[in-house]
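The values are calculated or read from the model by the stated rules, or taken from the named source; none is laboratory data. All values derive from a computational prediction rather than experimental measurement. Methodologically, a virtual Cβ is constructed for each residue, glycine included, from the backbone with ideal geometry; neighbour enumeration extends over all protein chains shown.
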Amino acid sequence: MDVDEALGRWRGLAPEAGSGPGSAGAPRHVLLEGFHALKHALRFGAVVPVALCADRAGALELAAELAPDLEGVLAGLLVEVDAETLRGLVARPHPTGVAALAERPDPVAVEAALRGVRRTPVVVLDQPRHLGNAGAVVRLAAGFGASGVVTTGPLDPWHPTVVRGGAGLHFATAVAPLEVPELPDGPLFALDPEGADIRGLTLPDDALLAFGSERHGLTAELRARADQLVALPMRPQVSSYNLATSVGMALFHWASASGAAPA
């Protein structure tokens, strides 16, 4: 693909990816910012119709060092444009000078994966408010091999800022917005300071692990749906953990006792 074709394709897709003016509704494409986001997305099967870079030789050096499994794919995909052109296309160019657009997974297929037979937990973020924290949770969930991340409420888990925080790992797990009545089947363990100490529990592989927002905690609707409230150990007079920290602690506790966790 030559530069003109790549730029034409980018400009045709970027508005619906939320990376240009006029974006609205659920986008069909998402913006991947940086080499690592592109690397992760490709490794987990993302369809990437266009990828740009400000320094092709430098990006391919990174591939040789950090992703030799993708050297050939990236060599055929990356199209070099000058840095000024890239700044005109991406609001905040990544230091690696790489940006790409990827097809968002089919929402119907994502929801089917969440409702199928699961060997690892689904993380439920109940009315999250911070886009960056939601992205960090997606990255954690992917690393632990969780079956998915579900958000309730108005936050879009595929918002460009969430995707940025997830470093391309939205494609490594099932990510979807659902309301509490729509949650997948499975025992729901909701994290709450009034719950039972998580250290005395074994979390089943098909569990739903629910987390409220740092300020407001769990909604009444989700608490009513929970099978059990569980609490993380925390020093008195400390009010809360960061959301992603709480998710990481709970997933580590699950993984320490599960044969389904990554090695």
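List of remarks:
- Between P177, P184, the distinction of being without any contact (Cβ under 8 Å) to a residue 40 or more places away in the chain and assigned by TED's automatic domain parsing to the domain that holds L114 belongs to P177 only.
- Residue in region 75-96 that is within 30 Å of A263 (Cβ to Cβ), modelled with pLDDT under 95 and part of a loop (DSSP other than H, G, I, E, B) present: yes
- Counted as qualifying within region 186-263 are the strands (runs of 3 or more DSSP E) with 3 or more residues that are touching a Gly at 6+ places or on another chain (Cβ under 6 Å) and more than 21 Å from G132 (Cβ to Cβ), namely 228-231.
- Residue check for G88: of a type in the set (G, A, S), more than 30 Å from D55 (Cα to Cα) and surrounded by fewer than 18 Cβ atoms within 10 Å (Cβ to Cβ): no
- Filtered by the rule that a residue be in contact (Cβ under 8 Å) with a residue 60 or more places away in the chain and assigned to a loop (DSSP other than H, G, I, E, B), region 98-116 gives R104, P105.
- Taken together, L183, L209, L243 contain a single residue that is under 21 Å from the mean Cα position of the chain (by Cα), modelled with pLDDT under 95, aliphatic (A, V, I, L, M) and crowded, with 19+ Cβ neighbours inside 10 Å, which is L243.
- Residue in region 47-65 that is loosely packed, with under 15 Cβ neighbours inside 10 Å and not in a helix (DSSP H, G or I) present: yes
- Single residue of region 137-185 satisfying the filter (among the hydroxyl-bearing types (S, T, Y) and outside any loop (DSSP other than H, G, I, E, B)) that is nearest to V98 (Cα to Cα): T161
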